[in-house]
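The values are calculated or read from the model by the stated rules, or taken from the named source; none is laboratory data. Only a predicted model underlies this, so the values are computations on that prediction, with no experimental measurement involved. Quick reminder, even Gly has a Cβ in these numbers, built from the backbone with ideal geometry, and neighbours come from all protein chains shown. SASA here: full protein model, heavy atoms, side chains in, ligands and nucleic acids out. Shrake-Rupley method; radii C 1.70, N 1.55, O 1.52, S 1.80 Å.
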Amino acid sequence: MAAAAPATAFGQAVIGPPGSGKTTYCLGMSEFLRALGRRVAVVNLDPANEGLPYECAVDVSELVGLGDVMDALRLGPNGGLLYCMEYLEANLDWLRAKLDPLRGHYFLFDCPGQVELCTHHGALRSIFSQMAQWDLRLTAVHLVDSHYCTDPGKFISVLCTSLATMLHVELPHVNLLSKMDLIEHYGKLAFNLDYYTEVLDLSYLLDHLASDPFFRHYRQLNEKLVQLIEDYSLVSFIPLNIQDKDSVQRVLQAVDKANGYCFGVQEQRSLEAMMSAAVGADFHFSSTLGLQEKYLAPSEQSVEQEAMQL
């Protein structure tokens, strides 16, 4: 007699703004997980996704289509996506019927890129909450473009969005700086990479913003935003290049700790590995330094010279 599928399932809810690389992440992560021997099921929850590059186990377009909603209700793409998520929330029995036969798989949920779904709209959060009641342990994997680090104003916006998402979604959370290979495609970083990944003293970022005549008029507003981010002290990032196997492995380790997969019996983790994960024994500084050397051009000026210019 075949063994029963485990009652508890694990997975990732892949969220982030449009164009941040969610679908590419699902493709790359699913291939990496299969190479590790895990059974993977990719679930597309974005009705606007067309021409999916991965093998889709469940597709929300079978339940509701964005084009049909826009035509029938005369909505734009933003309103149409919100309606589709509310429709899915009202028909979760359809989703459960699709997921139940896949028990024993590791789930990757490719979510819509509508920012308000993760910052203040309740449909997606309600769907995740219901999945938790089905004993599906998810980690929210939030992707943002790494090139935003090259613009201090945009980086503060990214920090605010990431913080709002962490507070609203109510899931274990991992923030990623995606497309690391393109990080300096739109400009150079003002500080070392670990300054952005660990979200260090943001007062230096305010000083850097003050050099811009436009942002100089909004210094008090920026100070309040920075103070809010530092008061919560929740946001940090893991750099990701989905084509780099070592980078994907670091992300997976963080996700497995967040959703508890590394404490399960699926891969027969040793006691030493469990205790190492529990106390966070791995340090990211050396890996971040390696990524900086790999993807960032060396600066022609010393840190002291750049500080004097500021």
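On the range 109-184, 47 percent of the accessible area sits on carbon and sulfur atoms, based on a 1.4 Å probe. Ranked by the mean number of other Cβ atoms within 10 Å per residue, highest first, peptides 20-30, 95-105, 151-161 order as 20-30, 151-161, 95-105. Here the 3J(HN,Hα) profile of the range 45-53, calculated from phi with Karplus coefficients 6.51, -1.76 and 1.60 at θ = phi - 60°, is 9, 9, x, 8, 6, 10, x, 4, x Hz, Gly and Pro shown as x. Judged by the mean number of other Cβ atoms found within 10 Å, the most tightly packed of the peptides 81-89, 10-18 leads the ranking 10-18, 81-89. Rounded to the nearest 20 debye, the dipole magnitude of the range 43-182 is 360 debye, with +1 charges on Lys and Arg beta carbons, -1 on Asp and Glu beta carbons, and the Cα centre as origin. Too long at a 19 Å Cα-Cα cut-off: which of K154/K179; K98/K257; K154/K224; K179/K224; K154/K257; K22/K245? As for pairs spanning more than 19 Å Cα to Cα, those are K98/K257; K179/K224; K154/K257. The apolar share of the surface of the range 208-251, taken as the fraction of accessible area on carbon and sulfur atoms (1.4 Å probe, ligands and nucleic acids excluded), comes to 50 percent. Going by amide H atoms built from the backbone, whose H comes under 5 Å of the H on F10, apart from near neighbours? Close amide H contacts, sequence-distant or interchain: F107, R137.
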